[in-house]
Each structure stands twice: as structure tokens, then as C-alpha cells.
Amino acid sequence: MVILVKETNYFLHIIFILTMKGPAQGFKIRVPENMEARGMKLNIPEECETLGICENVPDYPEDLASTLLEQLQNKNILLNNDPMKLGLRSRFASDVEEIPLCPSFQKAIYPKAARNRYDEWQFIINTNQTDNGQKFAAEICSAGSHATPEISSCSAIAHFSRKHEGKCIQKYILRKMFALDPTTNTVVEDFFQVPSCCTCIAQNIIDD
């Protein structure tokens, strides 16, 4: 992994160039012979397709995932366990009024399937025991209490030129996860898409 640091007037932007690919580096964990993974089919519910990450997967191999998580922990491999994000108000001046341009909510996600950087769905090794699994903080575009990463309009307080309109879109960040590869019967370490923020962008208005 290469890290580039870019300085602007007020912020340092850290850019990660991801070079890791394939099996988890530094160790190799195979599926136990009595818990064969080859041929397993990943069925993604329709409600997960749009968001690109899923906590409830039909026919998820719970026993196998628990066994593999235990093997990872026995090798002293740290699993991701994000604290929940702090709002901007806690990081900047407390007297600054913040008005979100796009509705969103934050939640902890314990994924059991996710899309990797190549847009391929894979089983993520996880457990229902939240203290022992892989946990990721996410921010998701919303409509009321429902996740809706599809494009929607920005708040009416945001003004754009006559040739542009404001749209809320879901943004993602690549995060490292441990996954199950049924083709090789092993645990792999790769980068997967996690919803990171809901942002307002300007789009050109196309005349009919």
C-alpha cells in the first residue's frame, strides 16, 4: 500500500493506493475438510443489490463463518471494529450551525456479503455475536427511516444555476475485509465497498 499526502489551505488529504490482491497476506486459512465451501452459491436479496452490502444473506454458512473467525483470532489477527462516527459538530466550532443538504443516517454494519473493488459479490466472514465480528461504521442516504442510495434531490436551501440541479448520491469507501472464497476453499483478504457518506452534487440539466 502506498500513501500519498496532499496539502490544501486547511486540510490534509490522505490518498490510499491499494495494491493488495488475493489471499490474505502473511497467513493462509483453509476451510476444514468437514465444512466444504466449494460450490456454495451466494444469493443476494433484492434490497441489498442497490446498496452493495448485506447483513442478512439467505443460507449464510453461520457455523463455517464462526469457525473461520475463531481461526483468525487464534492467529492474533485483528478484525475491524469501527467506533461510530462523530458528527462534524464535534470536530469543528460548536457555534457553527449545520444544515444537512441530504438526509442520511449512520449505523454499524456487520456485513455477511459485500461487493469488492471489482463489483463482485463475496461472502464476508462474520457472526451474529457483534463483539466478535467485523464491524464497519456507515453513513447511508435515507428517505425517512429507509435506506435509499438511489439518486434523490438535495435540500431546497441549496441553490444552483438554471443549467444545474442538485442531487443526493451515495458515496463509498474501500475497506479491508476477510471473505470466504468458495472457489479456492480459503479465507481471502480484499477491499470491499462500504457506504461512507451521502453527498449533494450538481448535475447538468438535460433539455428535452
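Rule-based calculations on the coordinates, nothing more; no lab input. From a predicted model like this one, the values you see are computed outputs, not experimental measurements. Because the Cβ atoms are built from the backbone with ideal geometry, glycine has one as well, and the counts that use them run over all protein chains shown.
Structure values in brief
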quantity: Of Lys135/Lys171; Lys107/Lys167; Lys41/Lys176; Lys107/Lys163, those spanning more than 27 Å from alpha-carbon to alpha-carbon; calculated: Lys107/Lys163
quantity: Highest-first arrangement of 105-115, 47-57, where packing means the average Cβ count within 10 Å; calculated: 105-115, 47-57
quantity: Under the Karplus curve 6.51 cos²θ - 1.76 cosθ + 1.60, θ = phi - 60°, whole-Hz ³J(HN,Hα) for region 109-118, x wherever Gly or Pro sits; calculated: 10, 10, x, 10, 7, 7, 8, 7, 5, 9
quantity: Net +/- balance of residues flanking Thr199 in space, Cβ distance below 13 Å, scoring K and R +1, D and E -1; calculated: +1
